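Below is one structure, written out as structure tokens; the observations come after it.
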Amino acid sequence: MTPREAPLHAIQSATYLGYAASLPSWPARFADRRPRTNVRLRPLVAAVVLAALVGVLAGCSAESLEQRRAREAAQEHVRGLPRAGEYDPGDTHCTDSATLGWFVEQETAVFVCAVRRRGDGCDWFRVSLGNVGVTVALEARNAGCVLPV
């Protein structure tokens with residue numbers, strides 16, 4: 001600091017120190033303030049989060065093309081059986097396609113499909129998807145309607 005700046009600096013420092021001493025302590029100064037939130041932004045953020053969640057859930061429950069092909073093959077097989085009246089082909093569910101992690105689907109060739117019996121319970125059918133065609137065989141009778149993972 002040069003000798004010319006010293007008096008100016010002393011005046012500025014005294015003025016600032018006097019002003020600072022007159023202020024209340026830091027927490028008391030901000031105690032009456034409400035938190036700053038942009039009220040207009042909250043519905044937009046909520047909508048974006050909800051849309052992302054719906055997209056993830058829809059993707060998790062979607063039927064893959066291979067799974068659909070296996071389900072349709074099991075339904076067609078059951079309709080062609082001599083005892084077709086015992087089954088409700090509309091209530092057919094198949095195991096999911098194999099996945100690596102959550103989002104990467106692997107090619108799946110064998111599915112287990114549960115077809116509901118009109119009386120009670122479900123029969124399991126093994127559906128093998130091949131390049132030449134599809135084979136469907138009875139895996140287990142009255143095996144339950146909850147499929148393995």
Query - Per-peptide average of other Cβ atoms within 10 Å, ordering 109-119, 69-79 highest first - result: 69-79, 109-119
Requested in this report: Starting at the first residue of segment 136-147, write each ³J(HN,Hα) from the Karplus equation 6.51 cos²θ - 1.76 cosθ + 1.60 with θ = phi - 60°, in whole Hz, x for Gly and Pro.
Outcome: 10, 9, 5, 8, 7, 8, 6, 8, x, 9, 9, 7
Report summary line: For Cys145, other-chain or 5+-apart residues with amide H closer than 5 Å (H placed, Pro excluded) are Cys122
Query raised in the report: What FRET efficiency do you get for Glu107 and Arg68 if R0 is 22 Å and r is their Cβ-Cβ distance, rounded to the nearest 0.05?
Result: 0.95
Query raised in the report: Using the Karplus equation 6.51 cos²θ - 1.76 cosθ + 1.60 (θ = phi - 60°), what ³J(HN,Hα) coupling, rounded to whole Hz, does each residue of segment 84-90 give in order, writing x for Gly and Pro?
Result: 4, x, 6, 10, 10, x, x
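Readers should treat all values here as calculations from the given coordinates under stated rules, not as data from a laboratory. The structure displayed is predicted, hence computed values, not measured ones. Note: ideal-geometry Cβ built from the backbone for every residue, glycine included; neighbour counts use all protein chains shown.
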